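In what follows, a structure is listed as C-alpha cells, so that the remarks can point back to it.
The values are calculated or read from the model by the stated rules, or taken from the named source; none is laboratory data. Bear in mind that the values here come from a model prediction, so they are computed numbers and not experimental data. FYI the Cβ positions are ideal-geometry reconstructions off the backbone, even for glycines, and counts take in every protein chain you see.
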Amino acid sequence: MTTKDWKEIAASKQRSVLNAIPLKWTVPGIKDDMISKGFVKTSDYLDLILGEFDVSITKQNVAQLQQAIESKKLTAVQVTEAFCHRAALTHQIVNCCSEIFFDEAIERANELDAYLKENGKTIGPLHGIPISLKDQVDLPGKDSSIGFCSLVDHPRSECSLLAKNLLDQGAVFYVKTTVPMAMMAPETVSNVFGYTYNSVNINLSAGGSSGGEGALIAAGASPLGFGTDIGGSIRIPSSFHGLYALKPSSGRISYLNVTNSVSGQECMPSVIGPMGRSLEDVTAITKLVVNSELWKVDPKVLPVPWKNLDSMKNDKFVFGMWRFDTMITPHPPVLRALEETAQKLRSQGHEVIDIELPDPRGFMDTANKIYGADSGFELASECRKTNEPVVPVVRKCVSDALTEIPATVNQWWDICNEAYLQRQAFLKFWENTAKLSVSGKPIDAIISPVWPTTSSLPDGPPTINYTAPFNLCDCASVVVPVTNVSSELDKKSTNFVPVDQADQSIQDSFDADLVDNMPVCVQVVTKKLEEEKALLLAEILTRN
C-alpha cells in the first residue's frame, strides 16, 4: 500500500475548502486589499465591503436574530446567507474554516422557513440561527481531521449528540473551524490547513486550540459557536478576540461523538462549551443544552438540571483576585484589567481580596504529566501514517510534557492520585479564604488572567499557567472582556524583576504599539459544576 504524500493531502484539502466558497463570494487578493486600505481588524473591513443588509444581520446577537426570525422580519435563508457570505470572506482573510458547506446550510434554512410558514411557529428556540462548530465536532459526511493529514478524507458517519441537540432546536450548521495539530497548542496551525490569524488584528495569533472559532466569531461571521478546552483552548482564543465564553466542568455538556486526541483520558478530560459575542447568548445556549437532559443518552453527562439563580442577582459576593502564578508575570494591560475589575467590584459593594493558589507549579507539573503520559505515541503514530512532520508550535508545546517512555498503568494511577490530592488541596484553600475576607465568607469566585499577555505574534509562548490549573480542578470558568490595551496607559515596568529567563522573555515581548486597542479579558472561575454562578458573576462584571 502506497502512503499518500502529506503535502498532497494538505494542498488538496485546502483547495477543497476554498472551492466550497461560491464564485460570487470569492475575492482574489482580499487580504492584500484589506491591508492596503489600512485595516488590521477584519470586522471593520468587512463592514465596509459587505452590503448594508448583510451587515445589519451579522451585527445582531442570537437573541435579536431569534426575535427577527420569529416575527418574520427576517427569514432563516436571509440570516444564513448573510453569515455564510461573511464567513466566506473571513476565511479568505484569516484562514479559519476547516469545512465549508453553505449549500447544505441554505437548504436547511429553506426547510425551516417552509416549516414556519406552514405551522405558524418555529421549530425551536434556535430556529434559523447559524452556529459554527470546532473541527472536532462530528457531523455526518464531514471530516473531523483535528489537524492531522491522516484523518483527511475520512468523513464521520455519526452526528455528535450536542450537534444533534442543536439541530433539534432549529440550528443551522454551515462551517467547521480550524484547530492546531492534535489540538495541542495555544495557537492554531497545522500542516493540513496552515496558520489561522487573529481577526481582531491580522498580524497576531488567533490563539488555540479553538482559534478558528475565535477568529470567525470575532469577525462577525458567526453569532455563536462551540469550542473545547483541556488546558485553555476555549478561553485563550476567546481572550485573544475579546469574546465571552464558558469552559464548563466535565460532564455538564455532552462530548459524545466529538473526535478527540488521546480519547479515553479521563483524569483531566477535555470539555466543550460555547463562545460568543454576547454573554446573554452564552448563558442562554448553556441553559438550553443543559435543560435538554442529554444525560439520558450520554452516560458521561451528569444529571444536574439548570439552577435558576435570579434571586442572587443583587447579592454581594466575595471575589479572590489571582494576579500572579509565581512563574509568569502578566503584561501591563492584563494587570491593569485586573486592578480595574477589582475597583469596579468594590464600587458595587462586593468584597475583593488578593489570593494565591496553593501550588500552581505543582498543578502545572501534574497537568503536564497527564498531557504527556503516552509519551507522544498517538501524535507520532498519526503523523507516521502520512510521513507528515509534527508542526514546530505543537512540538514546542508538548516537549516539556513528554516522558521518555509512556507511563505504565501503575504510574498512571499515581498521576491520577496526585491530581486527586491536588483537587483536595484546592478545595481546602477555597474554604480557607474565609479567613482572609472581612465578611468571614469564602470567596464565591476567582478572577484571574486568561493568559499572561493579551495576544501574541505567531509562534508565541506556549504558557497555559493561568488556565490549566482550572482544568485540573475541574472548575467552571467564564471569559469576560473588560478593557482594551492602551499604548498611553500600558507601559513596560521600569523595575521589573523576573522569576527566570522565561518570565523575562515573555515580559520583553510586550509591545504596546503592536497590541494597541486589542481586547483584554479576565476569567471568572467558580468551583466544579457552578456554571450558573460563574455566568451570573460574569454578568456582574459587565454592569456599569
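Taken over segment 77-111, residues that are on the phi < 0 side of the Ramachandran plot and in contact with a strand residue (DSSP E or B) (Cβ under 7 Å, 6 or more places away or on another chain) amount to 17.
Taking the criterion of being surrounded by fewer than 23 Cβ atoms within 10 Å (Cβ to Cβ) and either β-branched (Val, Ile, Thr) or closer than 20 Å to residue 380 by Cβ (or both), the residues of segment 135-151 that qualify are 150, 151. Being more than 23 Å from residue 496 (Cα to Cα), of a type in the set (A, V, I, L, M), in contact (Cβ under 8 Å) with a residue 40 or more places away in the chain and not assigned by the TED database to the domain that holds residue 152, is that true of even one residue in segment 325-338? Checked against the condition, which is being more than 23 Å from residue 496 (Cα to Cα), of a type in the set (A, V, I, L, M), in contact (Cβ under 8 Å) with a residue 40 or more places away in the chain and not assigned by the TED database to the domain that holds residue 152, segment 325-338 yields no hits at all.
Once segment 358-367 is narrowed to residues that are surrounded by fewer than 21 Cβ atoms within 10 Å (Cβ to Cβ) and in contact (Cβ under 8 Å) with a residue 24 or more places away in the chain, the residue that is nearest to the chain's Cα centre (by Cα) is 360. Of note, residue 410 does not satisfy the criterion of being in contact with a Ser or Thr (Cβ under 9 Å, 6 or more places away or on another chain), at pLDDT 95 or above and not small (Gly, Ala, Ser). When 77, 94 are checked against the criterion of being closer than 25 Å to residue 189 by Cα, β-branched (Val, Ile, Thr) and in contact (Cβ under 8 Å) with a residue 24 or more places away in the chain, a single residue qualifies: 94. Residue 349 falls short of the stated requirement of being over 23 Å from residue 454 (Cα atoms), without any contact (Cβ under 8 Å) to a residue 40 or more places away in the chain, buried (at least 20 other Cβ atoms within 10 Å of the Cβ) and not β-branched (Val, Ile, Thr). Just one residue in the set 11, 82, 63 is buried (at least 16 other Cβ atoms within 10 Å of the Cβ) and small (Gly, Ala, Ser); that residue is 82. Screening residue 421 with (1) among the hydrophobic types (A, V, I, L, M, F, W, C); (2) touching a residue at least 12 places away in the same chain (Cβ under 8 Å); (3) over 17 Å from residue 323 (Cα atoms) gives one miss only, at (2).
Among the residues of segment 512-534, what is the count of those that are assigned to a helix (DSSP H, G or I) and surrounded by fewer than 23 Cβ atoms within 10 Å (Cβ to Cβ)? Residues flagged as assigned to a helix (DSSP H, G or I) and surrounded by fewer than 23 Cβ atoms within 10 Å (Cβ to Cβ) within segment 512-534 amount to 2.
One residue alone among 425, 373 is closer than 30 Å to residue 7 by Cα and either within 28 Å of the chain's Cα centre (by Cα) or assigned to a loop (DSSP other than H, G, I, E, B) (or both), and that residue is 373. Of the residues in segment 344-367, at least one is hydrophobic (A, V, I, L, M, F, W, C) and either modelled with pLDDT under 95 or assigned to a loop (DSSP other than H, G, I, E, B) (or both). Exactly one residue among 128, 120 is assigned by the TED database to the domain that holds residue 208 and free of Cβ contacts under 8 Å to residues at least 12 places away in the same chain, and that residue is 120.
No other residue among 445, 434, 425 is touching a Gly at 6+ places or on another chain (Cβ under 8 Å), surrounded by fewer than 23 Cβ atoms within 10 Å (Cβ to Cβ) and either at negative phi or hydrophobic (A, V, I, L, M, F, W, C) (or both) apart from 434. Annotation note: of 471, 417, the sole residue that is in a helix (DSSP H, G or I) and in contact with a Gly (Cβ under 6 Å, 6 or more places away or on another chain) is 471. All but one of (1) surrounded by fewer than 23 Cβ atoms within 10 Å (Cβ to Cβ); (2) hydroxyl-bearing (Ser, Thr, Tyr); (3) touching a strand residue (DSSP E or B) at 6+ places or on another chain (Cβ under 7 Å) hold for residue 420; which doesn't? If we test residue 420 against (1) surrounded by fewer than 23 Cβ atoms within 10 Å (Cβ to Cβ); (2) hydroxyl-bearing (Ser, Thr, Tyr); (3) touching a strand residue (DSSP E or B) at 6+ places or on another chain (Cβ under 7 Å), just (3) comes out false. Within segment 102-117, the set of residues being touching a residue at least 40 places away in the same chain (Cβ under 8 Å), of a type in the set (Gly, Ala, Ser) and out of contact with any Phe, Trp or Tyr (no Cβ under 6 Å at 6 or more places or on another chain) comprises 109 only. Note on segment 476-511: residues that are among the hydrophobic types (A, V, I, L, M, F, W, C) and part of a strand (DSSP E or B) total 5. Of all residues in segment 152-190, those satisfying the criterion of being part of a loop (DSSP other than H, G, I, E, B), more than 23 Å from residue 376 (Cα to Cα) and in contact (Cβ under 8 Å) with a residue 24 or more places away in the chain are 153, 156, 158, 159, 160, 169, 170, 171.
Taken over segment 22-60, the criterion of being surrounded by 18 or more Cβ atoms within 10 Å (Cβ to Cβ) and more than 17 Å from residue 199 (Cβ to Cβ) is satisfied by 57, 60. Looking only at residues of segment 172-191 that are over 18 Å from the mean Cα position of the chain (by Cα) and crowded, with 24+ Cβ neighbours inside 10 Å, we find that the one that is farthest from residue 211 (Cα to Cα) is 172.
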